[in-house]
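Heads up: the structure comes next, in structure tokens.
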Amino acid sequence: MTNMTFAVPEDLHKFMRKHNEVKWSAVARGALHTHADKLRMMDELLANSELTEADVEMIGKQVKRAIARNHGLIK
């Protein structure tokens, strides 16, 4: 198994030290696995997609405009 080192904010580190009964490396491993699984699923779903980055940006702008319009932020 490969080792990984990363930084956490000081307040989180203090909290983690306060709860030393928790195996924080196991918690981090689980979170990394969960996130990787989501990315794998997204990769599989999009593997045959023909959308380009430009298409995605255009759709995103249209969605944001529609949301703003629905909330009365723009006309």
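Numerical summary
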| read-out | value |
| --- | --- |
| Search result, residues across segment 1-26 that are of a type in the set (A, V, I, L, M, F, W, C) and modelled with pLDDT of 95 or more | ALA7, VAL8, LEU12, PHE15, MET16, VAL22, TRP24, ALA26 |
| Given (1) surrounded by 10 or more Cβ atoms within 10 Å (Cβ to Cβ); (2) within 17 Å of the chain's Cα centre (by Cα); (3) not polar (S, T, N, Q), index of the condition ASP43 fails | (1) |
| Search result, residues across segment 53-75 that are within 21 Å of the chain's Cα centre (by Cα) and of a type outside the set (Asp, Glu) | VAL56, ILE59, GLY60, LYS61, VAL63, LYS64 |
| Pair list, Cβ < 6 Å and 6+ apart or interchain, from segment 12-36 residues that are touching a residue at least 24 places away in the same chain (Cβ under 8 Å) and closer than 23 Å to MET1 by Cα to residues that are loosely packed, with under 10 Cβ neighbours inside 10 Å and not hydroxyl-bearing (Ser, Thr, Tyr) | none |
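The values are calculated or read from the model by the stated rules, or taken from the named source; none is laboratory data. Source: prediction; values computed, not measured. Glycine gets a Cβ as well: all are built from the backbone with ideal geometry, and neighbour counts include every protein chain shown.
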